[in-house]
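Colleague: Supplied in structure tokens, the structure appears directly below.
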Amino acid sequence: MPERYADIVLPLAREPFTFAVGAEACPALGTAVAVPLGRTKILTGIVWRIHGQRPDVKTLKPVGEVLYGGMPLLTERQMALWEWIAEYYMCTLGEVMRAALPALMKPSGRDTASFGEEVFRPRRELFLSLASALRDPARLAEASALLHRAPRQRAALEELVSALGSDLAGEVPRRMLGADRPMLAALERRGYVTLTERVPDRDGRRETFRLPVLTASQEAALASVGRQFADRETVLLYGVTGSGKTEIYMHLIARTLLRGEDVLLLVPEIVLTSQLVERMERTFGDRVTVYHSRLTDRRRTETYLRLCRSEGGELVLGARSSLFLPLKKLGLVVVDEEHDPSYKQAEPAPRYHARDCAVVAARLLGARTLLGSATPSLESWLNARAGKYGLVRLDERYGDARPPEIRISDTLRAVKRGERHSHFNNLLLDAIAQRLERGEQTILYQNRRGFAPYVACRTCGWTARCPDCNVTLTYHKQTRRLECHYCGHTAPVPTYCPDCRVTEAEPMGFGTEKIELEVARLFPQARAVRLDRDSVTSERAFQAIVRGFARREWDVLVGTQMVTKGFDFEGVTLVGILNADNMLNNPDFRASERAFQQMMQVAGRAGRRERPGEVVIQTAEPDHPVIRQVAAGDYEGMALQQLAEREAFFYPPYARLVALTLRHRDAPLLGRAAVELASRLRGRFGRRVNGPVRPAVDKIRGEYLLGVQLRIECGASFARARKVLREVLAATFGQAEYKSVTVVVNVDPQ
Ligand code: ADP
Ligand code: ZN
Ligand code: ZN
């Protein structure tokens with residue numbers, strides 16, 4: 001028998017390594033193996049290819065132990081997805097492996113004691129059943145009547161009964177119920193219910209789901225999605241905020257699960273979508289698996305290995321990395337808020353866009369993809385317009401909820417008329433006061449955290465800057481320090497300007513922290529709380545604030561982007577956007593699209609029930625086209641105008657962008673490298689090359705940055721362009737002089 005060789009992917013930014021394998025015990029593709037690297041190190045690798053070509057090296061080591069009992073960690077189609085990602089985003093398979101597998105599944109060390117370990121205890125869950133005495137309707141009614149003094153216990157009992165449906169002798173997982181644990185414990189003490197904790201039995205999973213009854217227009221939208229899936233792989237569900245996209249997802253998910261297939265529901269940032277998780281758990285109970293990077297590694301490993309063995313019928317709800325889970329019977333992928341920029345991983349490689357990868361994954365597995373948004377990305381919108389994707393619209397809000405009334409408040413005019421107090425125009429102040437009087441809630445949005453984005457001297461113009469990054473330092477009042485939002489550097493606030501030593505250094509501009517304090521000063525009776533990266537250091541802190549706000553323990557919620565996503569609070573009837581201008585005046589070509597999306601998203605939090613919502617947008621440019629489009633709720637107008645501009649200036653979605661960023665401590669050397677790269681690229685790509693350009697922040701952590709951009713028109717072969725780009729990069733940075741320059745390749749930068 002001829003010698004066999006295995007190409008093994010290791011979690012490194014390197015091409016696969018080749019090892020010898022015994023001809024008789026050849027591991028299957030996609031299995032994990034422990035392989036020796038160097039003298040003493042052992043790494044976990046994935047068997048990628050078995051072949052007969054001996055590589056050109058002196059000593060070839062034999063591949064080590066096969067892990068996880070030889071169970072493949074990847075299917076053939078998942079391997080195809082990894083390959084697509086590595087090729088498209090120009091990284092190595094090893095880098096894809098780093099993102100795809102939890103850390104515990106790719107250990108390295110001197111011995112293999114902890115390799116391929118499966119000592120994970122399966123998770124236990126709490127189940128509820130009705131005491132046998134109460135399974136008789138008359139006795140149940142009696143028991144319920146006895147609870148008239150304990151309305152919450154009574155509600156919990158009724159919820160349990162309704163969840164049990166016709167099978168009163170059955171069991172319900174705790175997470176399908178809204179009632180909290182003390183309430184359930186109280187019912188148990190009365191002998192009404194029995195609580196049991198045990199490992200969920202996968203065979204006994206429920207086959208019926210309590211789905212919401214759809215309205216006529218939701219029903220029509222659902223039917224349309226179904227019809228379009230017949231001949232299209234991807235459908236865009238364009239539905240205004242509060243129209244019930246989630247309810248449509250639920251119906252599609254239920255159908256897919258009942259066919260025995262898996263569903264992947266992608267959300268932008270899982271902690272910000274806890275309300276969605278709760279809704280899904282209440283409907284789908286133990287079918288739901290939540291997966292994201294903030295879970296412990298052990299939990300993620302358990303989930304990965306459990307899914308490797310699953311027979312299908314799983315609902316995974318997760319952030320972008322759940323794309324890599326081994327769902328073998330994937331039938332449906334739902335990408336909620338598909339326009340959200342956090343689907344793109346910026347750092348480190350693979351710099352992948354989970355929405356785009358989801359579409360590819362679904363295609364590879366023969367599944368369908370539903371993209372949902374109230375403000376679709378222009379990429380998806382164009383695909384839908386061009387007929388590449390199906391398009392389904394949902395134009396009205398659920399129930400009696402009407403779209404909020406959007407009012408534009410001119411900041412400059414307010415200043416002139418003396419109608420501005422600190423950062424609030426009178427219009428917004430009056431609106432807040434009105435809400436406080438009526439006991440309704442307000443959300444205030446400001447897209448900068450901290451107290452003041454910079455500190456400056458009014459006399460000489462000095463500003464506090466980070467010594468290692470070319471940015472101003474943000475003032476945080478709570479900690480009384482200046483902080484760099486790029487590298488985390490902090491410094492004390494100087495009392496006098498360090499340059500002229502005459503004047504005090506003054507905080508300029510405003511962030512969320514300042515708004516919170518201003519609200520407290522202007523409305524001493526208001527209970528205000530802040531939601532941003534400084535006030536929320538853990539998932540628990542986040543949940544505490546969100547739950548408290550839902551229970552109306554707070555009147556005003558001040559926050560960054562965190563408050564724009566998915567929140568559904570009954571009490572909110574006012575949304576204030578404090579400063580629309582810093583969104584509009586971003587130099588990025590997507591600034592207008594993003595500003596529109598952010599404003600519509602946060603506006604969508606107001607008036608989601610009977611009481612009408614109002615949105616006040618403060619801006620110095622009330623006539624800016626985007627402001628007018630937001631005021632009119634005119635997504636299509638925005639899309640039409642932006643697409644025309646993108647086409648004229650040759651930007652996505654009419655061209656594909658590759659952003660190359662070069663970094664080095666030595667500015668002149670970096671400059672030479674960038675000039676050489678740009679000129680070599682021009683030799684091959686001509687006018688498609690832009691740069692070198694200095695990015696807005698051109699120094700981070702002591703390294704200088706320069707950018708070169710490549711724009712490939714959509715008609716041309718992007719695969720060919722990437723091949724040429726790889727050659728040019730190898731030729732340029734293969735030279736000894738430039739070896740130390742760091743090059744970051746970002747395909748489809750956001
Ligand atoms: P979207 O995801 O489009 O923003 P949601 O699905 O969150 O909208 O719906 C908005 C609100 O309306 C939610 O509180 C939801 O429970 C409610 N709702 C929407 N459709 C229905 C329905 N068919 N039955 C009951 N409630 C619904
Ligand atoms: Zn000064
Ligand atoms: Zn810094």
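Colleague: With every protein chain left in place and a probe of 1.4 Å, what is the accessible surface of Tyr454, to the nearest 10 Å²?
Modeller: 90
Colleague: Would you kindly derive the ³J(HN,Hα) couplings of segment 448-459 from the backbone phi angles with the Karplus curve 6.51 cos²θ - 1.76 cosθ + 1.60 (θ = phi - 60°), listing them in order in whole Hz, with x for Gly and Pro?
Modeller: Each residue of segment 448-459 in turn: 10, 9, x, 8, 9, x, 8, 10, 9, 9, 6, 7 Hz.
Colleague: Per residue, what volume in Å³ does the Cα convex hull of segment 298-374 take up?
Modeller: It comes to 99 Å³ per residue, whole-number rounded.
Colleague: Treating the beta-carbon of each Lys and Arg as +1 and of each Asp and Glu as -1, no other charges, what is the dipole magnitude of the chain about its Cα centre, to the nearest 20 debye?
Modeller: For this selection, approximately 1140 debye.
Colleague: For segment 499-567, I need the span (max minus min coordinate) of the C-alpha atoms along each principal axis, in Å, sorted largest to smallest.
Modeller: 50, 28, 18
Colleague: Run through segment 499-548 and list the GluC sites (Glu not before Pro) located in a DSSP loop whose Cβ has at most 14 other Cβ atoms within 10 Å.
Modeller: Sites meeting the loop and neighbour criteria: none at all.
Colleague: Right, next: Compare the peptides 601-612, 719-730 by average per-residue count of other Cβ atoms within 10 angstrom and give them in order, highest first.
Modeller: Order by mean packing, descending: 601-612, 719-730.
Colleague: Kirkwood Rh over alpha-carbon pairs of segment 4-115, then Stokes-Einstein at 25 °C and 0.890 mPa s: what D in µm² s⁻¹, rounded to an integer?
Modeller: 174
Colleague: Another one. Please report Rg (one decimal) and Dmax (integer) in Å for the Cα set of segment 216-394.
Modeller: When restricted to Cα atoms, segment 216-394 yields Rg and Dmax of 15.2, 46 Å.
Colleague: Tell me, what is the per residue accessible area of segment 322-432 in Å², probe radius 1.4 Å?
Modeller: Accessible area per residue: 39 Å².
Colleague: Relative to the compact-globule scaling 2.2 N^0.38 Å, provide the ratio for the alpha-carbon radius of gyration of segment 125-198.
Modeller: Compactness ratio reported: 0.97.
Colleague: Counting only residues 5 or more places away or on other chains, whose amide H sits under 5 Å from the amide H of Leu330 once H atoms are built in the peptide plane?
Modeller: Answer set, sorted by chain and number: Asp262.
Colleague: Another question, if that's okay. Enter the Cα centre distance for the pair segment 113-166 and segment 582-609, rounded to the nearest angstrom.
Modeller: 43
Colleague: Shifting gears a bit: Could you let me know the centre-to-centre spacing of segment 307-374 and segment 45-100, using Cα atoms, in angstrom?
Modeller: If you average the Cα positions of each part, the centres end up 21 Å apart.
Colleague: Name the GluC sites (Glu not before Pro) in segment 13-113 that are in a loop by DSSP and that have at most 15 other C-beta atoms within 10 Å, would you?
Modeller: Within segment 13-113, the qualifying GluC sites (Glu not before Pro) (loop, at most 15 other Cβ atoms within 10 Å) are Glu24, Glu65.
Colleague: What does the convex hull of the Cα atoms come to per residue for segment 589-629, in Å³?
Modeller: 69
Colleague: Kindly flag which residue pairs out of Lys41/Lys739; Lys245/Lys514; Lys41/Lys344 have an alpha-carbon separation exceeding 31 Å in this structure.
Modeller: Violating the 31 Å limit, Cα to Cα: Lys245/Lys514; Lys41/Lys344.
Colleague: Another question, if that's okay. I'd like to check one number: the per residue accessible area of segment 180-267, probe 1.4 Å, reported in Å² as a whole number.
Modeller: Per-residue accessible area for segment 180-267 comes out at 45 Å².
Colleague: Related question: Give me the percent relative contact order of segment 125-198, please, defined on Cα pairs under 8 angstrom at least 6 residues apart.
Modeller: Dividing the mean separation by the residue count of segment 125-198 yields 52 percent.
Colleague: Need one value: the accessible area of His339 in square angstrom, 1.4 angstrom probe, rounded to the nearest 10.
Modeller: Only protein atoms counted, so the area is about 20 Å².
Colleague: Once you have the alpha carbon radius of gyration of segment 435-480, what is it after dividing by 2.2 N^0.38 Å, with N set to its residue count?
Modeller: Here the answer is 1.73, to two decimals.
Colleague: Counting residues in segment 452-509 as N, plug N into 2.2 N^0.38 Å and put the Cα Rg over that result.
Modeller: So segment 452-509 has a normalised radius of gyration of 1.02.
Colleague: To the nearest 10 Å², what's Arg656's accessible area with a 1.4 Å probe?
Modeller: For Arg656, solvent-accessible area is about 90 Å².
Colleague: How about segment 56-99: which trypsin sites (Lys or Arg not before Pro) there are in a DSSP loop, with at most 14 other Cβ atoms within 10 Å of their Cβ?
Modeller: Qualifying residues, ordered by number: Lys58.
Colleague: Between Rg and the Kirkwood Rh of segment 655-747, both from Cα atoms, what is the Rg to Rh ratio?
Modeller: When Rh is taken as the Kirkwood radius, the ratio is 0.96.
Colleague: Count the DSSP beta bridges whose two residues both fall in the chain, then state the antiparallel fraction as a percent rounded to the nearest 5.
Modeller: 55
Colleague: Taking the C-alpha atoms of the chain, how large are the radius of gyration and the largest Cα-Cα span, Dmax, in Å?
Modeller: Gyration radius and largest Cα-Cα distance of the chain: 28.5, 91 Å.
Colleague: Sticking with this one: Where the accessible area of the chain is counted over protein heavy atoms with a 1.4 Å probe, how much of it, in %, is carbon and sulfur?
Modeller: The value for the chain is 49 percent carbon and sulfur by accessible area.
Colleague: Compute the semi-axes of the equivalent ellipsoid of segment 561-704, taking the square root of 5 times each eigenvalue of the Cα gyration tensor, and list them largest first in whole Å.
Modeller: 40, 19, 12
The values are calculated or read from the model by the stated rules, or taken from the named source; none is laboratory data. In this text, all values refer to a predicted model and were calculated from it rather than measured experimentally. Neighbour counts run over all protein chains shown; Cβ positions are idealised from the backbone, glycine included. Accessible surface areas use protein heavy atoms only, side chains included; no ligands, DNA or RNA. Shrake-Rupley method; radii C 1.70, N 1.55, O 1.52, S 1.80 Å.
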